[in-house]
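Any read-out appearing in this document is the output of simple, stated calculations on the displayed coordinates, not a laboratory observation. What you are looking at is a predicted structure, and each value in this text was computed from that prediction instead of being measured. FYI the Cβ positions are ideal-geometry reconstructions off the backbone, even for glycines, and counts take in every protein chain you see.
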Amino acid sequence: MSEPMKHRTLSAMITDQLRQAILDGTYPAGAQLRQDALGETYGVSRIPVREALFQLEAEGLVRIVPQKGAVVSELSLDEINDVFDLRVMLEPRMLAQSAPHFSADDFATLDAIQRRFEGAIAAGNVSEWGQINAEFHMAMYVNARQPRTQNIVTALLQTSDRYTRMQLSNTEAMGIAEKEHAQLIALCRAGQIADACSFLKQHIEAVRSDLLRVVGRTIEKSGAA
């Protein structure tokens, strides 16, 4: 393996592990991520670590601060609104193009993801829920011929994951998400595409409202402390 390829492979692995550690709270907001310490942890040079941190900065999970290095980004109500404004614009548009072309195999995939989703909820596995939630949404858009938009939405769902883990800390929110995903599948299966797109928009907006409430309360508490 060439040296540049080796670094890219290591960087991707480190990016995935650091992203998961940030999302599950191992590295909380404000935590400093030192390149030398991470290099020792992963047994690598600083180069793939630096590349991983730049990627996480592009995803909004890390800020590169002068004189301080990489720091885990703070929770932000502005970021929630920014991400969800984009999701509301882009995802119904993708579903409108994708859903009319759903095949039996596409519905089988959605049903299988939904069963995994229900299992994660029953087990209270919030970290797995986030990944399955993203898989579900992207499976809804599988037939959309919008590759740039798909890349953008994939990144938006990764950013959303950090916040939705907080929102889904209660079983009521999990149950609502489960029912709404099932309703989306049912509308698409019935060929009610316009209704499915409207419902998807409502679903995303409802998650946004709940997130603003939950995260806003968390920020207030941290400020008070």
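Note down the net charge around Ala29, summing +1 for each Lys or Arg and -1 for each Asp or Glu among other residues with Cβ under 11 Å from its Cβ.
Details: positive: Arg63, Arg162; negative: Glu74.
Residues close to Ala29 contribute a combined charge of +1.
Counting Lys and Arg as +1 and Asp and Glu as -1, what is the net charge of the other residues whose Cβ lies under 10 Å from the Cβ of Arg162?
On the way: positive: Arg19, Arg165; negative: Asp24, Glu59, Glu79, Asp161.
Local charge sum for Arg162: -2.
Taking all pairs of distinct Cα atoms, average 1/r, flip it, and tell me the Kirkwood hydrodynamic radius of the chain in Å to one decimal place. All intermediate terms of the calculation are to be shown ahead of the outcome.
Details: mean 1/r = 0.0531 Å⁻¹.
Roughly 18.8 Å, rounded to one decimal.
Report relative contact order for the stretch 26-151 in percent, whole number only (criteria: Cα-Cα under 8 Å, sequence separation at least 6). Spell out each step's value before the answer.
Details: 93 pairs, mean separation 28.3, N = 126.
Relative contact order here is 22 percent.
Multiply the residue gap between Ala155 and Ser103 by 0.36 nm, knock off their C-alpha separation, and tell me the result in nm, one decimal place. Please report the intermediate quantities before stating the final value.
Values: separation 52, 0.36 × 52 = 18.72 nm, distance 2.61 nm.
Difference between extended and current length: 16.1 nm.
Give the Rg (one decimal place) followed by the Dmax (whole number) of the stretch 18-59, computed from C-alpha coordinates and expressed in Å.
10.1, 25
Under a no-solvent Debye model with one identical scatterer per Cα of the stretch 3-72, what's log10 I(q)/I(0) at q = 0.29 Å⁻¹?
-1.48
Cα convex hull of the stretch 61-175: how many Å³ per residue? Don't skip to the end; give the middle numbers.
Working: hull volume 14.0 nm³, N = 115.
Spread over its residues, the Cα hull of the stretch 61-175 gives 121 Å³ apiece.
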